[in-house]
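Below: one structure, written as structure tokens.
The values are calculated or read from the model by the stated rules, or taken from the named source; none is laboratory data. The model shown is predicted, which means the values in this text are computed figures rather than measured ones. Cβ coordinates were reconstructed from backbone atoms using ideal geometry, including for glycine residues, and neighbour counts include every protein chain displayed.
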């Protein structure tokens with residue numbers, strides 16, 4: 001499965017994947033009322049990109065990660081937080097403890113979960129009034145726009161099925177569909193806040209980021225190396241060895257009724 005490719009190089013994933021904006025972490029903590037003693041479940045933490053900032057609030061945090069290598073790195077990063085634990089398991093198969101949670105969080109991983117299970121199980125382990133919080137991530141127009149327009153030619157050459165002349169969407173055109181949460185009989189109204197960020201990447205750092213994407217990892221080795229070489233040449237030759245990538249994160253929340 002594509003989602004299992006992330007576990008193939010957990011150290012690269014930890015090094016290359018960006019952390020979440022401080023504004024998002026602050027808003028999540030405020031909305032969920034996080035603090036010492038709060039019981040938090042995180043689904044699919046990876047190597048702890050959001051887990052570590054949540055642990056800093058002193059909450060009792062359980063992170064359920066299906067990838068054993070990813071889970072091992074997350075445990076190492078959380079070693080300074082004795083109230084945080086990492087459980088190696090798929091969320092769909094994981095058996096929750098009896099006590100309910102104050103918040104259930106899933107950052108850029110909810111789409112990998114079984115649609116028949118994810119909302120009912122996540123909502124089912126919340127206490128009344130507890131918060132379900134999902135973070136979505138979208139690559140949007142902005143940053144070094146000329147690079148991303150030109151890089152499309154690399155994808156058209158090396159990635160089968162790439163739509164011709166594909167362009168990034170403007171932030172105003174991006175919105176997470178809340179219908180799945182709204183259909184739940186035990187969740188209240190859905191609220192969404194938006195948190196953009198721009199990150200500067202060197203050539204090497206940007207190529208490392210691409211190596212962590214599941215669709216890139218799934219390419220045949222020759223196609224993947226051809227794509228990375230094409231992108232490397234473009235960044236070095238036309239952009240002085242650095243590019244800026246703009247990302248929009250949405251914090252999507254609903255409370256257990």
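Just a few scattered comments:
- Within region 1-11, the set of residues being at pLDDT 95 or above and surrounded by 15 or more Cβ atoms within 10 Å (Cβ to Cβ) comprises 10 only.
- Residue list for region 110-124, restricted to those being out of contact with any helix residue (DSSP H, G or I) (no Cβ under 8 Å at 6 or more places or on another chain) and buried (at least 20 other Cβ atoms within 10 Å of the Cβ): 113, 122, 123
- Exactly one residue among 104, 186 is surrounded by 14 or more Cβ atoms within 10 Å (Cβ to Cβ), in contact with a helix residue (DSSP H, G or I) (Cβ under 6 Å, 6 or more places away or on another chain) and farther than 21 Å from residue 63 by Cα, and that residue is 186.
- In region 141-151, the residues that are under 22 Å from the mean Cα position of the chain (by Cα) and outside any loop (DSSP other than H, G, I, E, B): 148
- Selection of helices (runs of 4 or more DSSP H) fully inside region 152-256 by the criterion of at least 1 residues being closer than 24 Å to residue 7 by Cα and touching a residue at least 24 places away in the same chain (Cβ under 8 Å) returns 203-211, 214-217, 221-238.
- Counting the residues of region 43-58 that are without any contact (Cβ under 8 Å) to a residue 60 or more places away in the chain, on the phi < 0 side of the Ramachandran plot and either surrounded by fewer than 22 Cβ atoms within 10 Å (Cβ to Cβ) or under 15 Å from the mean Cα position of the chain (by Cα) (or both) gives 8.
- Scanning region 21-48 for residues that are over 19 Å from residue 67 (Cβ atoms) and in a loop (DSSP other than H, G, I, E, B) yields 21, 33, 34, 35, 36, 37, 38.
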